[in-house]
1. Would you be able to say whether some residue in the range 48-57 is under 17 Å from residue 13 (Cα atoms), free of Cβ contacts under 8 Å to residues at least 24 places away in the same chain, out of contact with any strand residue (DSSP E or B) (no Cβ under 8 Å at 6 or more places or on another chain) and loosely packed, with under 11 Cβ neighbours inside 10 Å?
2. Restricting attention to the range 46-65, report how many residues are within 23 Å of residue 6 (Cα to Cα) and outside any helix (DSSP H, G or I).
3. For the range 61-72, name all the residues that are modelled with pLDDT under 80 and under 22 Å from residue 11 (Cα atoms).
4. What is the one condition in (1) without any contact (Cβ under 8 Å) to a residue 40 or more places away in the chain; (2) farther than 23 Å from residue 94 by Cβ; (3) surrounded by 10 or more Cβ atoms within 10 Å (Cβ to Cβ) that residue 24 does not satisfy?
5. Are there any pairs, at least 6 apart or on different chains, whose C-beta atoms fall under 7 Å, with the first in the range 7-21 and free of Cβ contacts under 8 Å to residues at least 24 places away in the same chain and the second in a helix (DSSP H, G or I), and if so, which?
6. List the residue pairs whose Cβ atoms are under 8 Å apart, where the first residue sits in the range 67-90 and is at positive phi and outside any helix (DSSP H, G or I), the second is surrounded by 10 or more Cβ atoms within 10 Å (Cβ to Cβ) and modelled with pLDDT of 90 or more, and the two are 6 or more positions apart or on different chains.
7. Can you pull out every residue in the range 1-41 that is farther than 30 Å from residue 56 by Cβ, in contact with a helix residue (DSSP H, G or I) (Cβ under 9 Å, 6 or more places away or on another chain) and part of a loop (DSSP other than H, G, I, E, B)?
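The values are calculated or read from the model by the stated rules, or taken from the named source; none is laboratory data. Keep in mind that this is a model prediction, so the values were computed, not measured. Please note: Cβ atoms are built from the backbone with ideal geometry, for glycine as well, and neighbour counts cover all protein chains shown.
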């Protein structure tokens, strides 16, 4: 949407928080992990739109002749993000195990 610097910041912050989230979810007990995971999902559902609202509004105002595309095209990005988060979880599990920190 014309803001490459902000996009880079959001990507790095997202990767960092995904790494922290994976570590927390690995270390805490399973029952508590489900509640924490659900809570994080709700927080991100609120946070991400707020990060993009201003830029999207500006883009939409300058491109009012462009119709929204089908949301199904974004499904591939969702699967890519899921695969990347799985990789982060596996790497963090290996690192924590190597450091002698066992999941509860």
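1. Within the range 48-57, one or more residues are under 17 Å from residue 13 (Cα atoms), free of Cβ contacts under 8 Å to residues at least 24 places away in the same chain, out of contact with any strand residue (DSSP E or B) (no Cβ under 8 Å at 6 or more places or on another chain) and loosely packed, with under 11 Cβ neighbours inside 10 Å.
2. Number satisfying all stated conditions: 2.
3. Residue satisfying the conditions is 71 alone.
4. Status for residue 24: all satisfied but (2).
5. 21/40
6. Nothing qualifies.
7. 28
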